[in-house]
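The values are calculated or read from the model by the stated rules, or taken from the named source; none is laboratory data. Quick caveat: nothing in here was measured; it's all calculated off a predicted structure. Neighbour counts run over all protein chains shown; Cβ positions are idealised from the backbone, glycine included. When the accessible area is computed, the model is the full protein with side chains, heavy atoms only, and any ligands, DNA or RNA have been set aside. Shrake-Rupley method; radii C 1.70, N 1.55, O 1.52, S 1.80 Å.
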Amino acid sequence: MVSGLINENPTVYERKERRVRTDSTNTDEFSVEPIDQLEIFDHIRDIRDPEHPYSLEQLKVLTEDSVEVDDGKSYVRVTFTPTVEHCSMATIIGLSVRVKLMRSLPPRYKIDIRVAPGSHATEAALNKQLNDKERVAAALENPNLVEMVDECLSPSFDDA
Amino acid sequence: MDLMEKNLELVEVQKLEGHTDRVWNVAWNPVSSSLLASCSGDNTVRIWQQSPLSRSWSCKAVLEETHTRTVRSCSWSPSGKLLATASFDGTTGIWEDFGDEFECISTLEGHENEVKSVSWNASGSYLATCSRDKSVWIWEVLGGNEYDCAAVLNGHTQDVKMVQWHPTMDVLFSCSYDNTIKVWWAEDDDGDYQCVQTLNESSNGHSSTVWAISFNATGDKMVTCSDDLTLKIWTADISMMHSGEGYAPWTHLCTLSGYHDRTIFSSHWSSDDIIASGAGDDAIGLFVDSEHDSVNGPSYNLLLKKEKAHEMDINSVQWSPSKENRLLASASDDGMVKIWQLETKP
């Protein structure tokens, strides 16, 4: 029987332990802590895959190393790895990551989203689309796409 | 007098607050330079007016409840009486200024999806629009609030970002996500528009999305800007076209690179030959041809760069048509419109 799923049997990995990132030697509660890789990863690790009941972290679409951040320059780049090379859900995954970061990071941040080099059949086209802010703005006014993105961003059922 | 030798600065005159989402585009009224229109992701257009007494700007009107999605661009007719608005809802609105209020007098429908740009020709007899549906449409202004589709131009292979009529001739230019600029022209008076030239990477053109096109006052030069982080200047022998000798092709004159480190969304050529650029790095750049008298040909140099002109991406920069003072308007993702003045440092 054909299930209609792009990737019927994805490999599921263990989630990484959640580290507490607060520096215990810093007792000044008013000091500004720069945004780091782990903080950004925490914002996006629980985004749900569009077609499986697993998080992007569990499918290794995202790892901590997917995040490159320069807080001084207010710049972040997220590189994700679709589970299969012809994944048609890659646009929804990229949009979900972008929307989550737009909602979580200060507005000064510049965000680039891309698929890992060699991980997708239409890599260049996908990267161009995900970083064209006019296309992103138009997509986020499309109720069907917004519904799919919201589904990916809804809190997952097994999270405490 | 050489601008490069003067000590100039771009001074913020006023910040116009009101839009509740990113501002995509600003347009100065070509007849009354005390009127400015801006359009936004909040689905509205705002008309800003400068008080003749206090010289300060305030919102005169909010054009709403017509477009149901983002208003991506707006353009005044040459008479300054009509404002055309292009929206992601797939329609183009035509608004008339009745003095105390603006009324939507016509809605142009036809594009399959988001309309991204609208432009009037020099005489106000034609409108052009473009869309994500890859097409460029030419509309004939019939009078009596009637607009007739005169041509549907196919040729771009992707989403068309902007259309711009030439300032003195009925030649239409479009730029696209397909990295090209296309020139559309009707050789005969029958109005049969054809693509007569495509400026792509092999003609020294852009290597990524081309976002905007602007002409100098005489129309023999144009500037384009792109996601490839460059501005490019092009030139054509338009006297040849004016004398009816046929199409004069555009050729690459120079490339300005290294001035912005994010996508350049807007570039605009002032009536006194200063090119402004606005980009995703939150900065505004100003460029002039410092060698225009020399035998070596033109050499465009950075006059100044205003870092952090806005708190977020700059989507549009437009020079005021007024020759009295050098005013520049900018629009940003931060929801603000700003008015700037180019001044000599005291």
**Study point:** Inter-residue pairs, beta-carbon under 7 Å, first closer than 15 Å to B:ILE264 by Cα and in segment B:304-332, second surrounded by fewer than 16 Cβ atoms within 10 Å (Cβ to Cβ), 6+ apart
**Key:** B:MET312/A:PRO107
Exercise for review: May I ask you to list pairs of residues, at least six apart or on different chains, whose Cβ atoms are under 6 Å apart, with the first in segment B:196-224 being over 30 Å from B:LYS323 (Cβ atoms) and the second being open to solvent by 30 Å² or more (accessible area, probe 1.4 Å) and in a strand (DSSP E or B)?
Suggested key: B:VAL196/B:TRP185; B:ASN204/B:HIS252
Review point. Across segment B:253-285, what is the number of residues that are assigned to a strand (DSSP E or B) and basic (Lys, Arg)?
Key: 0
Exercise for review: Could you please let me know if B:GLY280 is surrounded by 14 or more Cβ atoms within 10 Å (Cβ to Cβ) and within 14 Å of chain A (Cβ to nearest Cβ)?
Suggested key: yes
Review point. Which one is nearest to the other protein chains (Cβ to nearest Cβ) among residues in segment A:115-141 that are β-branched (Val, Ile, Thr) and open to solvent by less than 50 Å² (accessible area, probe 1.4 Å)?
Key: A:VAL136
Exercise for review: Check off (1) modelled with pLDDT of 95 or more; (2) closer than 30 Å to B:VAL171 by Cα for B:SER33 and give me the number that stays unchecked.
Suggested key: (1)
Practice item. Assess whether A:GLU57 counts as being in contact with a Lys or Arg (Cβ under 9 Å, 6 or more places away or on another chain), under 17 Å from A:GLN37 (Cα atoms), away from chain B (no Cβ under 14 Å) and not in a loop (DSSP other than H, G, I, E, B). Key: no
Revision key, fill the gap. Those residues of segment B:229-243 which are open to solvent by 30 Å² or more (accessible area, probe 1.4 Å) and more than 17 Å from B:TRP185 (Cα to Cα) amount to B:LEU229
Study note, to complete from the structure: Filter segment B:169-211 for residues that are open to solvent by less than 20 Å² (accessible area, probe 1.4 Å) and within 14 Å of chain A (Cβ to nearest Cβ); the one that is nearest to B:TRP269 (Cα to Cα) is B:TRP211
Point to revise | Residues satisfying the stated conditions in segment B:231-255, i.e. farther than 19 Å from B:GLY297 by Cβ and hydroxyl-bearing (Ser, Thr, Tyr) | key: B:SER243, B:TYR247
Review point. Can you name the number of the only condition in (1) more than 23 Å from A:GLN37 (Cβ to Cβ); (2) touching an Asp or Glu at 6+ places or on another chain (Cβ under 7 Å) that A:ARG108 fails?
Key: (1)
Check your understanding: Quick one: which strands (runs of 3 or more DSSP E) sit completely within segment B:124-168 and have at least 3 residues that are open to solvent by 10 Å² or more (accessible area, probe 1.4 Å)?
Key -> B:136-143, B:146-153
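Could you tell me which of the residues A:MET102, A:MET89 is without any contact (Cβ under 8 Å) to a residue 12 or more places away in the chain, open to solvent by 20 Å² or more (accessible area, probe 1.4 Å) and under 16 Å from the mean Cα position of the chain (by Cα)? Show your work before the answer.
Values: A:MET89 fails: without any contact (Cβ under 8 Å) to a residue 12 or more places away in the chain.
It is A:MET102.
If only one of B:SER32, B:SER58 is closer than 21 Å to B:CYS104 by Cβ and either outside any loop (DSSP other than H, G, I, E, B) or in contact (Cβ under 8 Å) with a residue 40 or more places away in the chain (or both), which one is it? Break it down stepwise before answering.
Working: B:SER58 fails: closer than 21 Å to B:CYS104 by Cβ.
Answer to the selection: B:SER32.
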